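**Student:** Questions regarding the structure given below will be posed in turn.
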Amino acid sequence: MNHVFKWVLMAAMAASVSAVSAHRMHKHKPLALEELPPVCQEYFKRAEMCYRKVGEDKALFQSGNTTFLRQSLPAADENQRVKMCEIALHDFPEKVKNLKCE
């Protein structure tokens, strides 16, 4: 699966989660890093370090995708969270290569 397709798939998953629970979504509190599955914790820690290293301007698009993912997770069930973060972590080396942050 190519990189763009995976992000579209992840966005579609997040959108479907949001659409199904849109009326409840505002009731979901943001999840602390410790409340997320280990794969999500690994992705967000790695992404934060990378984006901090290259700076906000250079990582704006990628950090926007990461923020969208983080905001989508409270409305997802545990299996969806794991899958969404697995996709993000799998594609992260390409971000690293483009940003030259690791």
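**Student:** Of the residues 58, 83, which single one is outside any helix (DSSP H, G or I), basic (Lys, Arg) and open to solvent by 40 Å² or more (accessible area, probe 1.4 Å)?
**Tutor:** Numbers: 83 fails: outside any helix (DSSP H, G or I).
Of 58, 83, the one residue that is outside any helix (DSSP H, G or I), basic (Lys, Arg) and open to solvent by 40 Å² or more (accessible area, probe 1.4 Å) is 58.
**Student:** With respect to residue 70, determine if the residue is touching a residue at least 12 places away in the same chain (Cβ under 8 Å), within 14 Å of residue 30 (Cα to Cα) and open to solvent by 40 Å² or more (accessible area, probe 1.4 Å). Before you say what the answer is, go through the steps one by one.
**Tutor:** Details: touching a residue at least 12 places away in the same chain (Cβ under 8 Å): yes; within 14 Å of residue 30 (Cα to Cα): yes; open to solvent by 40 Å² or more (accessible area, probe 1.4 Å): yes.
In short, yes.
**Student:** Six or more apart or on different chains, Cβ atoms under 9 Å: show the pairs whose first residue is in region 81-102 and without any contact (Cβ under 8 Å) to a residue 60 or more places away in the chain and whose second is of a type in the set (Asp, Glu).
**Tutor:** Between residues of region 81-102 that are without any contact (Cβ under 8 Å) to a residue 60 or more places away in the chain and residues that are of a type in the set (Asp, Glu), the close pairs are 85/42; 89/42; 93/102; 96/102.
The values are calculated or read from the model by the stated rules, or taken from the named source; none is laboratory data. What you see is a predicted model; the values in this text were computed from it and never measured. Neighbour counts run over all protein chains shown; Cβ positions are idealised from the backbone, glycine included. Quick note on the areas: whole protein, heavy atoms, side chains included, nothing else; ligands and nucleic acids left out. Shrake-Rupley method; radii C 1.70, N 1.55, O 1.52, S 1.80 Å.
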